[in-house]
Amino acid sequence: MKIIAFLGSPRKDGNTELLLKETSRGIEESGLNVHPFDLNLLNISPCQNCGGCDDTGICVIEDDMVQIHDAIRTADRIILASPIFFSALSAQVKLMIDRCQCIWCEKYLLKKPIPAGPYGRKGLLLLVGGQKKESGLQGIQCAETSAKAFFRTISVPEYKTLSYMGVDAKGAILKHPTALKEAYEAGKKLATPYNYKALS
Ligand SMILES: Cc1cc2nc3c(=O)[nH]c(=O)nc-3n(C[C@H](O)[C@H](O)[C@H](O)COP(=O)(O)O)c2cc1C
């Protein structure tokens, strides 16, 4: 089973990374590997809406998205981990998502959705925001709306969301009463081929 993970925070050892590490630990203890993409370190240009992928489903820009497109097309499990920045996914994540417009064209214009392998295609969304209450919730909802469109486009019909509000200072997630355990358990379940429904 091929599992990939996108880290969308630029903060080294920040809350999103710590959460993702716990998920990865759960997966690796199940005997599987996670292929990580640290989006902040990659060379990803923004989508130009040039129409270059309309007839082919292939993006004309040749940067690090070439390997990401290939990974997305062949993965069985896809993890998206992002901090909330200005009530949305981080720019690093949004850049990557926008560049999946070629997969949108492939699915909806060329009628060629990414086929599921023997394990199905499942997702996990990890979100961490500093704000609490109504404004914090709006950020989570906004980010999840974009993530949902991403998962739908890349033909991941089923995903679980773990979101944490009021987690702001670097490393604050370590003091959260349930976050690390939930992230670890989500990793374990994500690595289980036939038991994913138990997540929700
Ligand atoms: C540019 C920027 C914008 C932010 N905007 C929001 C926001 O709109 N809502 C929120 O809940 N937290 C916001 N935060 C706080 C981060 O979501 C919070 O610090 C989070 O824990 C960062 O995760 P990280 O340590 O993985 O980078 C913002 C932080 C930065 C740097």
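Nothing in this text is a laboratory measurement; each read-out follows from the coordinates by a stated rule. Only a predicted model underlies this, so the values are computations on that prediction, with no experimental measurement involved. A quick note on method: Cβ atoms are made from the backbone with ideal geometry, for glycine too, and the neighbour counts reach across all protein chains shown.
Collect the residues in the stretch 1-36 that are hydroxyl-bearing (Ser, Thr, Tyr) and within 14 Å of the ligand (Cβ to nearest atom), keeping them in residue-number order. So that I can check it myself, show each step before the final result.
Taking the stretch 1-36 as the starting set, the residues that turn out to be hydroxyl-bearing (Ser, Thr, Tyr) are 9, 16, 23-24, 30.
Matches in the stretch 1-36: Ser9, Thr16, Thr23.
Quick check: is even one residue across the stretch 41-52 in contact with a strand residue (DSSP E or B) (Cβ under 9 Å, 6 or more places away or on another chain), of a type outside the set (Val, Ile, Thr) and either more than 16 Å from the ligand (Cβ to nearest atom) or part of a loop (DSSP other than H, G, I, E, B) (or both)?
Within the stretch 41-52 (the criterion being in contact with a strand residue (DSSP E or B) (Cβ under 9 Å, 6 or more places away or on another chain), of a type outside the set (Val, Ile, Thr) and either more than 16 Å from the ligand (Cβ to nearest atom) or part of a loop (DSSP other than H, G, I, E, B) (or both)), the answer is no, since none of the residues qualifies.
Among the residues of the stretch 87-109, write down those that are hydrophobic (A, V, I, L, M, F, W, C) and in contact with a helix residue (DSSP H, G or I) (Cβ under 8 Å, 6 or more places away or on another chain).
Filtering the stretch 87-109 for residues hydrophobic (A, V, I, L, M, F, W, C) gives 88-89, 91, 93, 95-97, 100, 102-105, 109.
Within the stretch 87-109, Ala88, Leu89, Val93, Leu95, Met96, Ile97, Cys100, Cys102, Ile103, Trp104 meet the criteria.
Check off (1) over 25 Å from Ala183 (Cα atoms); (2) within 16 Å of the chain's Cα centre (by Cα) for Ile68 and give me the number that stays unchecked.
(1)
Just to be sure, is Ala147 farther than 20 Å from Met96 by Cβ and either touching a strand residue (DSSP E or B) at 6+ places or on another chain (Cβ under 6 Å) or of a type outside the set (S, T, N, Q) (or both)?
Details: farther than 20 Å from Met96 by Cβ: no; either touching a strand residue (DSSP E or B) at 6+ places or on another chain (Cβ under 6 Å) or of a type outside the set (S, T, N, Q) (or both): yes.
It is false that Ala147 is farther than 20 Å from Met96 by Cβ and either touching a strand residue (DSSP E or B) at 6+ places or on another chain (Cβ under 6 Å) or of a type outside the set (S, T, N, Q) (or both).
Under the condition of being closer than 19 Å to Lys189 by Cβ and among the β-branched types (Val, Ile, Thr), which residue from the stretch 1-33 is nearest to the chain's Cα centre (by Cα)?
So the residue we want is Ile4.
Output the number of the condition that Ala116 fails; it satisfies all remaining conditions of (1) surrounded by 15 or more Cβ atoms within 10 Å (Cβ to Cβ); (2) closer than 25 Å to Ile58 by Cβ.
The single condition Ala116 does not satisfy is (1).
How many residues are surrounded by 22 or more Cβ atoms within 10 Å (Cβ to Cβ) and closer than 21 Å to Leu190 by Cβ if we restrict to the stretch 57-83?
The number of residues fulfilling the criteria is 9.
Report, by residue number, each residue of the stretch 74-110 that is among the acidic types (Asp, Glu) and touching a residue at least 60 places away in the same chain (Cβ under 8 Å).
Here is the first cut: in the stretch 74-110, the residues among the acidic types (Asp, Glu) are 76, 98, 106.
Answer for the stretch 74-110, where residues must be among the acidic types (Asp, Glu) and touching a residue at least 60 places away in the same chain (Cβ under 8 Å): just Asp76.
Could you check how many residues of the stretch 179-198 are within 16 Å of the ligand (Cβ to nearest atom) and polar (S, T, N, Q)?
Matching residues across the stretch 179-198 total 0.
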